[in-house]
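Read the structure below first, then the notes.
The values are calculated or read from the model by the stated rules, or taken from the named source; none is laboratory data. Small disclaimer: the values here were computed from a predicted structure and weren't measured. Because the Cβ atoms are built from the backbone with ideal geometry, glycine has one as well, and the counts that use them run over all protein chains shown.
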Amino acid sequence: TIPGIPGATGTIGPKLEEGTTAPQRIKDPAYKGTAKSAAEYIMESIVDPSAYVVKPFPDKTMPAIFGQKLSAGALKKIVDYLSQVKTGAPPPKVS
């Protein structure tokens, strides 16, 4: 589910409230990635989704091809947007 994006509701993965959850996930002992910021975590999650798998969702749910299929500009827009999505806050404006 991506708050603020019409039709982006789902139950296959966690809510993408990365402005809130990314910093928490980076600190989780189960985290195997290298990100130091929310933006780095989001980018890493797109290009290497197995670096951290949110429980109870299974690994390999998110395809690992988005880093190859999306342009650098598209990836930046996704990261910028998701970095602003916070639990309990209104969705950010889409530009």
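Filter the range 50-91 down to residues that are surrounded by 15 or more Cβ atoms within 10 Å (Cβ to Cβ) and basic (K, R), then give me how many there are. The number of residues fulfilling the criteria is 1. Taking the criterion of being touching a residue at least 40 places away in the same chain (Cβ under 8 Å) and hydrophobic (A, V, I, L, M, F, W, C), the residues of the range 26-71 that qualify are A38, A39, I42, V54, F57, M62.
Residues in the range 6-49 that are surrounded by 13 or more Cβ atoms within 10 Å (Cβ to Cβ) and either closer than 17 Å to I65 by Cα or among the basic types (K, R) (or both): 12 in all.
The lone criterion from (1) at pLDDT below 90; (2) out of contact with any Gly (no Cβ under 8 Å at 6 or more places or on another chain); (3) surrounded by fewer than 16 Cβ atoms within 10 Å (Cβ to Cβ) left unmet by P3 is number (3). A count restricted to the range 22-55 and to residues that are small (G, A, S) and under 11 Å from the mean Cα position of the chain (by Cα) stands at 4.
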